[in-house]
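Here's the structure we're looking at; comments come further down.
The values are calculated or read from the model by the stated rules, or taken from the named source; none is laboratory data. None of these values were measured; they are calculated from a predicted model. Neighbour counts are summed over all protein chains in view; Cβ atoms, including those assigned to glycine, are modelled from backbone coordinates with ideal geometry. When the accessible area is computed, the model is the full protein with side chains, heavy atoms only, and any ligands, DNA or RNA have been set aside. Shrake-Rupley method; radii C 1.70, N 1.55, O 1.52, S 1.80 Å.
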Amino acid sequence: MTAPQPVPAPNPLLSIRDLRTVFPTGAGVARAVDGLTLGVEPGETLGIVGESGSGKSVTALSILRLIRPPGRIEAGSSITFGGTDLATCDAESLRAIRGRRIGMVFQEPMTALNPVFTVGSQIAEVVRVHERTTRQAAWGRAVAMLEAVRIPASAERAHQYPHELSGGTRQRVMLAMALVMHPALLIADEPTTALDVTVQAQILALLAELQQSLGMAVLLITHDLAIIAAVASRVVVMYGGQAVEEAPVTELFAAAHHPYTEGLLRAVPRPRLPNSPAARLAEIPGSVPPATAWPAGCRFHDRCAFAWDRCRHEMPPLYAISATHASRCHLAAEPARRTAPAPTAGTPS
Amino acid sequence: MTTATFILIHLAPGDPIGGGLDDPRVSEAVRAHWRAVYGLDQPLAVQFIRYLAGVARGQFGYSFAYNESVSTILARALPRTMLLAGSALVLSFVAGIAMALIQVARHGTATDRVIGVASLAVYSLPEFWLGQVALLTFAYVLPIFPAGGMVDPVMHPYLGPLAALWDRIDHLILPALTLSALTAAGIARYQRAALLDVAADDYLRTARAKGVPERSVLMRHALRNAALPVITLFGLALPGFLGGTVFIEKVFSWPGIGSLAVDAVTARDYPVVIACAVLGSMLVAGGSFLADVLYAVADPRLRRAPGPSRP
Ligand SMILES: Nc1ncnc2c1ncn2[C@@H]1O[C@H](COP(=O)(O)OP(=O)(O)O)[C@@H](O)[C@H]1O
Ligand SMILES: [Mg+2]
């Protein structure tokens with residue numbers, strides 16, 4: 001685990017303020033991200049963690065405005081990156097940032113690459129849409145980038161199609177594509193979830209190494225706290241489309257405040273022993289409700305062992321626990337209540 | 001195919017000698033003589049075997065109506081049909097795909113709906129009706145185009161090279177447009193559906209995340225992946241398209257294989273009818289072979305031997 005992180009600088013690389021992304025559905029409006037605020041400092045690795053359905057992917061897609069209609073980012077949201085508000089800027093300014101200043105890696109290496117083009121041409125395309133350069137020069141950059149992500153015989157591999165490559169190699173290709181323009185920020189949404197454990201470790205090591213050499217910031221999204229422990233310096237825990245806890249990694253693992261974070265920590269093998277054979281030690285009871293029907297008050301209250309009346313009626317604000325640690329839980333205001341029922345015996349109401 | 005056509009046409013009443021020499025003054029003896037000359041007095045089975053032997057040597061026999069070998073007649077008519085059908089086919093694909101791209105780029109807008117309704121309307125019209133209406137409208141009511149034929153029968157021999165070329169193009173436009181309208185409408189409907197089908201695919205999101213302009217996302221990434229169903233359509237639609245060519249040639253007096261086939265059926269000119277049918281089925285077979293080749297070009301996943309099955 002890394003050393004405690006400095007207090008966030010006042011001038012973040014990416015600053016998301018009150019992001020709300022909604023999807024009209026047959027069952028009502030899904031408020032997938034509902035008032036998210038976070039910042040990413042230059043060069044740091046910020047982890048976003050949370051169960052499936054908590055709004056992580058929608059957050060990642062919103063940053064580059066990749067939400068497909070009828071989904072939309074509501075007015076009032078702002079996503080500031082290098083002086084530009086990505087939520088409202090014109091399409092051409094946005095296009096110039098996509099792939100050049102911000103790279104993105106998706107979860108599914110099987111479907112995220114275009115099946116009808118060679119991987120080399122898909123990487124070279126990034127260079128060609130952002131720079132005036134010859135076909136050969138762009139191809140050369142693509143091959144060099146394939147080499148940088150440790151694909152052997154990269155010159156030959158560049159001529160292959162995605163279906164001819166393994167899942168791990170495809171994810172390396174995705175990384176090469178996201179990094180070929182040396183972006184200031186890489187957004188990686190569950191980059192290793194679809195891969196087996198050994199490959200997963202290799203890709204994470206590669207990611208850390210490239211981050212060092214390119215000096216970029218990484219926004220790493222995962223549902224796996226072991227990955228957060230291994231690579232992130234700061235972490236935002238998401239639930240119900242909101243940040244429910246935010247802290248430096250060391251502090252989060254040593255002294256999590258939010259009962260949801262405590263539940264996540266109990267639900268995975270100990271982060272210090274990522275290869276521990278022990279499976280899930282405990283599940284958080286219940287499941288993430290649909291984004292069309294978040295509970296009133298605290299969105300976690302019906303799965304929380306400590307919940308009392310206030311939690312059912314009043315949405316908790318992000319309480320400051322310390323200068324770098326915040327928690328969206330009324331226990332911060334009424335700490336005495338934590339002595340109530342034992343968390344492990346908790347049942348959904 | 002050959003066999004079916006041969007049997008069908010011989011089951012129909014009448015024969016070429018009856019048709020051509022039906023003047024009551026022609027004696028039965030004379031008819032019998034000509035039947036013997038052309039082998040029509042032989043049993044059907046013998047006629048058929050003889051015919052097959054000819055086809056195998058690339059000879060389709062001799063036309064009763066034209067007094068020429070069928071191969072010569074076909075060699076004259078085929079390039080004309082290729083010109084008409086070829087330009088109409090290219091036109092249908094270009095226009096059909098363009099309409100679909102516009103519709104998808106403006107998905108859900110009035111433009112999308114107007115093109116959709118128009119292509120459905122055209123798609124549901126019969127060719128010969130469309131041909132006759134087009135001819136009436138644009139050659140008689142509004143005489144913009146010539147009323148038929150491949151060239152101006154009077155002036156063409158006296159025209160300079162450029163004027164002669166224009167004369168040919170002028171005669172080609174209306175029949176080619178009419179013939180392509182239906183196919184273009186069909187392709188537009190298919191291509192639109194295929195494009196909307198891939199619209200939510202992950203690799204398009206990846207392309208946008210790379211900074212690829214929306215235009216290229218649609219015209220490069222989406223279109224290449226949405227090509228497969230349309231290539232399939234090409235293979236399936238070819239017989240219907242050739243059928244349409246027959247009607248259009250007849251309506252516009254275009255002297256190609258289609259007109260030849262219609263006239264030959266009327267005249268009971270068996271060798272020509274059968275040859276046209278054989279040629280038609282060869283074109284259809286060639287078309288589906290071409291579709292297979294295009295399939296492999298469009299989708300690299302199909303290039304290797306034990307590839308995944310086609311959708
Ligand atoms: N296109 C969409 N239409 C409707 N609902 C969506 C859409 N995308 C995401 N959602 C909803 O938003 C919520 C958050 O989804 P997501 O961000 O994918 O979660 P995570 O990545 O944390 O697993 C889920 O409830 C999901 O059903
Ligand atoms: Mg996700």
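Can you work out which of the residues in the stretch A:46-60 that are over 10 Å from the mean Cα position of the chain (by Cα) and open to solvent by 10 Å² or more (accessible area, probe 1.4 Å) is farthest from ligand 2 (Cβ to nearest atom)?
A:Glu51
Restricting attention to the stretch A:186-193, does a residue exist that is part of a helix (DSSP H, G or I), at pLDDT below 95, within 16 Å of ligand 2 (Cβ to nearest atom) and under 25 Å from A:Ile16 (Cα atoms)?
Within the stretch A:186-193 (the criterion being part of a helix (DSSP H, G or I), at pLDDT below 95, within 16 Å of ligand 2 (Cβ to nearest atom) and under 25 Å from A:Ile16 (Cα atoms)), the answer is no, since none of the residues qualifies.
Return the residues of the stretch B:74-90 that are open to solvent by less than 20 Å² (accessible area, probe 1.4 Å) and small (Gly, Ala, Ser); say none if nothing qualifies.
The answer is B:Ala77, B:Ala85, B:Ala88.
B:Ala163 is checked against (1) part of a helix (DSSP H, G or I); (2) within 22 Å of the chain's Cα centre (by Cα); (3) among the aliphatic types (A, V, I, L, M) and fails just one. What number does that condition carry?
(2)
Need pairs with beta-carbon distance below 8 Å; first residue within 14 Å of B:Gly240 (Cβ to Cβ) and within the stretch B:120-131, second open to solvent by 40 Å² or more (accessible area, probe 1.4 Å) and in a helix (DSSP H, G or I); sequence gap 6+ or separate chains.
Once the first residue is within 14 Å of B:Gly240 (Cβ to Cβ) and sits in the stretch B:120-131, its partners that are open to solvent by 40 Å² or more (accessible area, probe 1.4 Å) and in a helix (DSSP H, G or I) give B:Tyr123/B:Arg189; B:Glu127/B:Phe247; B:Phe128/B:Phe247; B:Phe128/B:Lys250; B:Leu130/B:Val122.
I'm trying to understand the selection: among the residues of the stretch A:94-110, which are modelled with pLDDT of 95 or more and within 16 Å of ligand 2 (Cβ to nearest atom)?
A:Met104, A:Val105 - these are the residues of the stretch A:94-110 that are modelled with pLDDT of 95 or more and within 16 Å of ligand 2 (Cβ to nearest atom).
Just to be sure, is A:Ala326 small (Gly, Ala, Ser) and modelled with pLDDT under 95?
No; evaluated as a whole, the condition is false for this residue.
Could you grab me the full set of residues in the stretch A:96-106 that are closer than 30 Å to A:Leu195 by Cα and either at the interface with chain B (Cβ under 9 Å from one of its Cβ atoms) or open to solvent by less than 30 Å² (accessible area, probe 1.4 Å) (or both)?
Listed by number, the residues that qualify are A:Ile97, A:Arg98, A:Gly99, A:Arg100, A:Ile102, A:Gly103, A:Met104, A:Val105, A:Phe106.
Do we have any residue at all in the stretch A:196-213 that's closer than 21 Å to A:Arg100 by Cβ, in contact with a helix residue (DSSP H, G or I) (Cβ under 9 Å, 6 or more places away or on another chain), small (Gly, Ala, Ser) and buried (at least 22 other Cβ atoms within 10 Å of the Cβ)?
There is no residue in the stretch A:196-213 that is closer than 21 Å to A:Arg100 by Cβ, in contact with a helix residue (DSSP H, G or I) (Cβ under 9 Å, 6 or more places away or on another chain), small (Gly, Ala, Ser) and buried (at least 22 other Cβ atoms within 10 Å of the Cβ).
Considering only residues that are surrounded by fewer than 21 Cβ atoms within 10 Å (Cβ to Cβ) and within 15 Å of A:Ser78 (Cα to Cα), which ones fall in the stretch A:18-33?
Result: A:Asp18, A:Arg20.
So that you can scan it fast, the table gives a plain yes or no per residue for (1) open to solvent by 30 Å² or more (accessible area, probe 1.4 Å); (2) modelled with pLDDT under 85; (3) among the aliphatic types (A, V, I, L, M):
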site	(1), (2), (3)
B:Asp202	yes, no, no
B:Glu214	yes, no, no
B:Val217	no, no, yes
B:Ala226	no, no, yes
B:Ile231	no, no, yes
B:Gly235	no, yes, no
B:Val262	yes, no, yes
B:Asp269	no, yes, no
B:Phe289	yes, no, no
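If you check every pair at least six apart or on different chains, which have Cβ atoms under 6 Å apart with a residue in the stretch A:55-66 that is in contact (Cβ under 8 Å) with a residue 40 or more places away in the chain first and a residue that is of a type in the set (A, V, I, L, M, F, W, C) and within 9 Å of ligand 2 (Cβ to nearest atom) second?
As it stands, the answer is A:Lys56/A:Ile221; A:Ala60/A:Ile221, since those pairs meet every condition given.
Counting only residues that are away from ligand 1 (no atom under 16 Å from the Cβ) and over 11 Å from the mean Cα position of the chain (by Cα), which one in the stretch A:214-231 is surrounded by the fewest Cβ atoms within 10 Å (Cβ to Cβ)?
Result: A:Gly215.
Does the stretch A:123-177 hold any residues that are part of a loop (DSSP other than H, G, I, E, B) and among the aromatic types (Phe, Trp, Tyr), and which are they?
Of everything in the stretch A:123-177, just one residue is part of a loop (DSSP other than H, G, I, E, B) and among the aromatic types (Phe, Trp, Tyr), namely A:Tyr161.
Residues A:Ile63, A:Ile73, A:Ile151, A:Ile79: which one is under 26 Å from the mean Cα position of the chain (by Cα) and either open to solvent by 20 Å² or more (accessible area, probe 1.4 Å) or among the hydroxyl-bearing types (Ser, Thr, Tyr) (or both)?
A:Ile73
Check the stretch A:70-88 and report whether any residue there is within 14 Å of chain B (Cβ to nearest Cβ), within 9 Å of ligand 1 (Cβ to nearest atom) and farther than 17 Å from A:Ile221 by Cβ.
Taking every residue of the stretch A:70-88 in turn, at least one turns out to be within 14 Å of chain B (Cβ to nearest Cβ), within 9 Å of ligand 1 (Cβ to nearest atom) and farther than 17 Å from A:Ile221 by Cβ.
Could you go through the stretch A:84-91 and let me know if any residue there is over 26 Å from A:Phe23 (Cβ atoms) and touching a residue at least 12 places away in the same chain (Cβ under 8 Å).
No: zero hits.
From (1) surrounded by 22 or more Cβ atoms within 10 Å (Cβ to Cβ); (2) more than 7 Å from chain B (Cβ to nearest Cβ); (3) within 21 Å of A:Leu204 (Cα to Cα), pick out the condition that doesn't hold for A:Ala112.
(2)
Within the stretch A:238-267, take every residue that is touching a strand residue (DSSP E or B) at 6+ places or on another chain (Cβ under 6 Å) and among the acidic types (Asp, Glu) and give me the one that is farthest from ligand 2 (Cβ to nearest atom).
Applying the filter and picking the extreme gives A:Glu251.
Please state which one of B:Gly258, B:Gly235, B:Gly243, B:Gly211 is farther than 30 Å from B:Pro146 by Cα and more than 14 Å from chain A (Cβ to nearest Cβ).
Result of the check over B:Gly258, B:Gly235, B:Gly243, B:Gly211: B:Gly235.
In the stretch A:240-260, which residue that is touching a Ser or Thr at 6+ places or on another chain (Cβ under 8 Å) and closer than 26 Å to A:Val197 by Cα is farthest from ligand 1 (Cβ to nearest atom)?
Only one residue fits best here, namely A:Thr250.
Of the conditions (1) open to solvent by 20 Å² or more (accessible area, probe 1.4 Å); (2) at pLDDT 95 or above; (3) more than 10 Å from ligand 1 (Cβ to nearest atom); (4) of a type in the set (Val, Ile, Thr), A:Val7 fails just one. Which one is it?
(2)
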